[in-house]
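J.: Take a look at this one; I'll ask things after.
The values are calculated or read from the model by the stated rules, or taken from the named source; none is laboratory data. Small disclaimer: the values here were computed from a predicted structure and weren't measured. All Cβ positions, even for glycine, are placed from backbone atoms using ideal geometry, and neighbour counts span all protein chains on display.
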Amino acid sequence: MKPILITLTYIVIALSPTRFFSQTQAMKKNTVKETSPVLLIHGGAGTILKKNMSPEKEKAYRAALSEVLQKGYDTLEKGGTALDAVEIVIRMMEDSPLFNAGKGSVFTSDGKNEMDAAVMNGADLKAGSVAGVHTIKNPISAARAVMEKSQHVMMIGSGAEKFAQQQKLEIVDTAYFFDQNRWDQLQKIKKSEKQQLDHSGDTTGMLLPHKDSKFGTVGAVALDKYGNLAAGTSTGGMTNKKYGRVGDAPIIGAGTYANNNSCAVSATGHGEYFIRYTVAHDIAALVEYKGLNVKQAAEEVVMKKLLKAGGEGGVIVLDAKGNFAMPFNTEGMYRGYMLRGKTPQVMIYKDEVKP
Ligand code: ASP
């Protein structure tokens, strides 16, 4: 009888309302403790000078970046994941002709639009990317599909397009990507065999002056309520790039990287340098192994290493505690961030307050 009594007493205590109440309170406490989301975006770096910018153009960029930030932040506040927010904001920028990604992508030397994109999830290091695609309306969604619906990390060209179609992503005629300004831009530099960074003038001797530049590679990094990071980048590449050329954006560790243990990075700039210097992973490695904060790590790579090498560009970097940095070694970078309870913060020029 005794053991039965003891068991019964135990059950009564275990199920007592007070105990049950305090357990649920404790659980509630755990679930309530959420991370305050952070969202950072960029719309490309280059020679972006106020003197070359009309007030209308500037207004359009600032409005577009603000709208994108607001929409992405709403997604995070509603409980969307960092990956969801990154995909949503990049899709918006791909659909806007203001940026060099999706609609409005630059032209290759043989007059085509060849796009690259990548996403990475900081919680499990899953990643997906597409390169050299011509008909996928939103390459960032194709990159996510590669990550989530295939066994692979990277798919290219017609294979990536076939896969996107199977995944029921929107496929468009190549004419959808035609943009007259972009076409004119190509004609201006076509005689040269040099590539051109989206918004650049001739600062390195390798690039041609181009005052009319209006578009930019796009990228986003986000921290969600659950404490997870994600990064994504999408681009048409560099004007007059050779057919088949792939930039840094879709290369994990070069233009895109995310790891909850270090940081999330999205880059914009002269892709060949970002690939050779594995910029995104180099920043993450400095954070993870050397214990630098994201600002120190990003500046070490962008303002020292890359600058010394002649690699133009910038990055947006965010860690899982919400610390972030947005350094660039060009004249300007379209960029912005949003924090809880604040309005979208958008910056273009060098002299605007940098976090
Ligand atoms: N990084 C891109 C590329 O090299 C270009 C850019 O950021 O504008 O393809």
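J.: If I ask for residues that are more than 27 Å from K242 (Cβ to Cβ) and either free of Cβ contacts under 8 Å to residues at least 24 places away in the same chain or acidic (D, E) (or both), which ones from region 132-173 would you list?
T.: E148, K149, S150, Q151, Q166, K168, E170
J.: Can you name the strands (runs of 3 or more DSSP E) wholly within region 246-355 that have at least 2 residues being more than 14 Å from the chain's Cα centre (by Cα)?
T.: Numbers: elements: 256-258, 264-269, 313-318, 332-339, 345-349.
Those strands (runs of 3 or more DSSP E) span 332-339, 345-349.
J.: Filter region 43-77 for residues that are among the hydrophobic types (A, V, I, L, M, F, W, C) and not in a helix (DSSP H, G or I); which is surrounded by the most Cβ atoms within 10 Å (Cβ to Cβ)?
T.: Quick first cut of region 43-77, residues among the hydrophobic types (A, V, I, L, M, F, W, C) only: 45, 48-49, 53, 60, 63-65, 68-69, 76.
After this cut, where a residue has to be not in a helix (DSSP H, G or I) as well, the list is 45, 48-49, 53.
Working: A45: 31, I48: 27, L49: 15, M53: 17.
The extreme case among them is A45.
J.: Scan V246, V221 and give me the residue that is of a type outside the set (S, T, Y) and either outside the structural domain of V89 (by TED's automatic domain parsing) or within 14 Å of the ligand (Cβ to nearest atom) (or both). It would help to see each step written out before you state the result.
T.: Numbers: V221 fails: either outside the structural domain of V89 (by TED's automatic domain parsing) or within 14 Å of the ligand (Cβ to nearest atom) (or both).
Going through V246, V221 in turn, the sole match is V246.
J.: Right, something else. Within region 291-299, can one find any residue that is within 13 Å of the ligand (Cβ to nearest atom), surrounded by fewer than 24 Cβ atoms within 10 Å (Cβ to Cβ) and at pLDDT 95 or above? Full working, then the answer.
T.: Taking region 291-299 and keeping what is within 13 Å of the ligand (Cβ to nearest atom), we get none.
For region 291-299, residues within 13 Å of the ligand (Cβ to nearest atom), surrounded by fewer than 24 Cβ atoms within 10 Å (Cβ to Cβ) and at pLDDT 95 or above: absent.
J.: Restricted to region 92-123, and to residues that are assigned to a loop (DSSP other than H, G, I, E, B) and acidic (D, E), which residue is nearest to K137 (Cα to Cα)?
T.: Start the filter on region 92-123 by keeping residues that are assigned to a loop (DSSP other than H, G, I, E, B), which leaves 96-107, 109-114, 122-123.
If we keep only those that are acidic (D, E) as well, we get 110, 114.
Values: D110: 20, E114: 12 Å.
Here the answer is E114.
J.: Here's a follow-up. From the list A127, A145, which residue is more than 14 Å from the ligand (Cβ to nearest atom), of a type in the set (A, V, I, L, M, F, W, C) and in a strand (DSSP E or B)? Outline the logic, then answer.
T.: On the way: A145 fails: in a strand (DSSP E or B).
Of the residues listed, the single one that is more than 14 Å from the ligand (Cβ to nearest atom), of a type in the set (A, V, I, L, M, F, W, C) and in a strand (DSSP E or B) is A127.
J.: Considering only region 216-243, state which residues are at pLDDT 95 or above and either of a type in the set (F, W, Y) or more than 18 Å from the chain's Cα centre (by Cα) (or both).
T.: Going residue by residue through region 216-243, those that are at pLDDT 95 or above are 218-235.
Selection gives K225, Y226.
J.: Counting just the residues of region 111-127 that are more than 15 Å from A82 (Cα to Cα) and surrounded by 20 or more Cβ atoms within 10 Å (Cβ to Cβ), which one comes out modelled with the lowest pLDDT? Show your work before the answer.
T.: First pass over region 111-127, keeping only residues more than 15 Å from A82 (Cα to Cα): 111-117.
Okay, now just the ones that are also surrounded by 20 or more Cβ atoms within 10 Å (Cβ to Cβ), so 113-117.
Working: N113: 91, E114: 95, M115: 96, D116: 97, A117: 98.
Among residues in region 111-127 that are more than 15 Å from A82 (Cα to Cα) and surrounded by 20 or more Cβ atoms within 10 Å (Cβ to Cβ), the one modelled with the lowest pLDDT is N113.
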